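The values are calculated or read from the model by the stated rules, or taken from the named source; none is laboratory data. Keep in mind it's a predicted model, so treat the numbers as computed, not measured. As a convention, Cβ positions derive from the backbone with ideal geometry for all residues, glycine included, and neighbour counts pool all protein chains shown.
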Amino acid sequence: MANPKSLSFVTENGSLLHGDVLETLAAYDDEPVQLILADPPYFQVLEDQDWDTSWPNAEAYLEWTEQWVSACRRILAPDGLLYIFGQLGKREHVWLHTCSRLTKFMQFHDMIIWDRAVGYNERSDSFTPQYEMILVLRPTADTPPHFNKDAVRLPYDEATIQTYLRDPRYKDKAARETHLRKGKYATNILRIPSLKGTSKEKVGHPSQKPLTLIENLIASSSRPGDLVLDPFMGSGTTAVSCEKLNRRWLGIEANPDYVRMTKKRLQAYRDSIPPDLFADPDRH
Ligand SMILES: C[S@@+](CC[C@H](N)C(=O)[O-])C[C@H]1O[C@@H](n2cnc3c(N)ncnc32)[C@H](O)[C@@H]1O
């Protein structure tokens, strides 16, 4: 590769920096970021991908993890959140060490369960793994983070609304109905199907996350116009989600094929919506 950074590109709302996460974050001297969504290499889960197998042992992986998380902490806004995707199934022992080490220098905020809705049949010696954990950290205990629960409410179905409206304890039916039609708060178990091989959303990355999952995190944990960082951009899921939700974004990706994949995916997204809608600052 003559110039490893030559594939970096910018759009109206974001930039994708082609390069290594540590080098790129060390050079970052711009505004603080409100939200960081990090879906890092898992450590020897995808055994055919060199980006997931380049550490000689778990300790080396953990040290590297501490380095990039420290670099993220430096640029995270005081009321910002850092989401870190964990692993599935039998590698979770490394993930538990990861959580223990990171919460020594960042404040634990939450642990989200991403329920993938379908099991991943990788083991015969225990239950079939079906969830992944997402660790949520914030810079310090002192500053409350920005979090908008209303942005990720789940609608009740009509039958449930009608049942609840019959509850005699609520005298003001109109107020009760208005309340119910807002939907209920999402819990920290997010049941969102993982992408099947045949999914239209799939663009060819081996660990591509569903847009709905990423959109839930962005909608709840940032405001329109905020800057969102994804230090392991992969196929561009965070970039597309930010475009849809009217957030600015910054991505880092080391693999040139995935930089190209993100660019193509963003172009396909832009081509799929009418230009006047794209220009609407309130779109979400
Ligand atoms: C788990 S995948 C992210 C997938 C992404 N969330 C998506 O939906 O497509 C991790 C990504 O990190 C990238 N990566 C690995 N090591 C890196 C490094 N040192 N710096 C930047 N990116 C790296 C890999 O190329 C891979 O695309």
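Summed over the range 152-209, the residues that are within 25 Å of LEU245 (Cβ to Cβ) and of a type in the set (Lys, Arg) give a count of 9. The one condition from (1) more than 19 Å from the chain's Cα centre (by Cα); (2) of a type outside the set (Val, Ile, Thr); (3) within 15 Å of the ligand (Cβ to nearest atom); (4) modelled with pLDDT of 95 or more that ASP50 does not meet is (4).
Scanning the range 133-150 for residues that are touching a Ser or Thr at 6+ places or on another chain (Cβ under 9 Å) and either surrounded by 12 or more Cβ atoms within 10 Å (Cβ to Cβ) or in a loop (DSSP other than H, G, I, E, B) (or both) turns up LEU135, VAL136, LEU137, PRO145, HIS146, PHE147, ASN148.
Being closer than 30 Å to PRO32 by Cα, without any contact (Cβ under 8 Å) to a residue 40 or more places away in the chain and outside any loop (DSSP other than H, G, I, E, B) is a condition met by at least one residue of the range 151-163.
Rundown of residues vs (1) closer than 27 Å to ARG265 by Cα; (2) surrounded by 14 or more Cβ atoms within 10 Å (Cβ to Cβ); (3) not charged (D, E, K, R), yes/no style:
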{"residue": "PRO129", "(1), (2), (3)": "no, yes, yes"}
{"residue": "ILE161", "(1), (2), (3)": "no, yes, yes"}
{"residue": "ALA174", "(1), (2), (3)": "no, no, yes"}
{"residue": "ARG181", "(1), (2), (3)": "no, no, no"}
{"residue": "LEU195", "(1), (2), (3)": "yes, yes, yes"}
{"residue": "PRO206", "(1), (2), (3)": "yes, no, yes"}
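If the condition is being in a helix (DSSP H, G or I), at pLDDT 95 or above and surrounded by 18 or more Cβ atoms within 10 Å (Cβ to Cβ), then the range 72-89 contributes CYS72, ARG73, ILE75. Is one or more of the residues making up the range 117-124 charged (D, E, K, R) and in a loop (DSSP other than H, G, I, E, B)? Yes, the range 117-124 contains at least one residue that is charged (D, E, K, R) and in a loop (DSSP other than H, G, I, E, B). Quickly run through the range 237-271 and pick out the residues that are part of a helix (DSSP H, G or I), under 19 Å from SER222 (Cβ atoms) and of a type in the set (A, V, I, L, M). Within the range 237-271, ALA239, VAL240, LEU245, LEU266 qualify.
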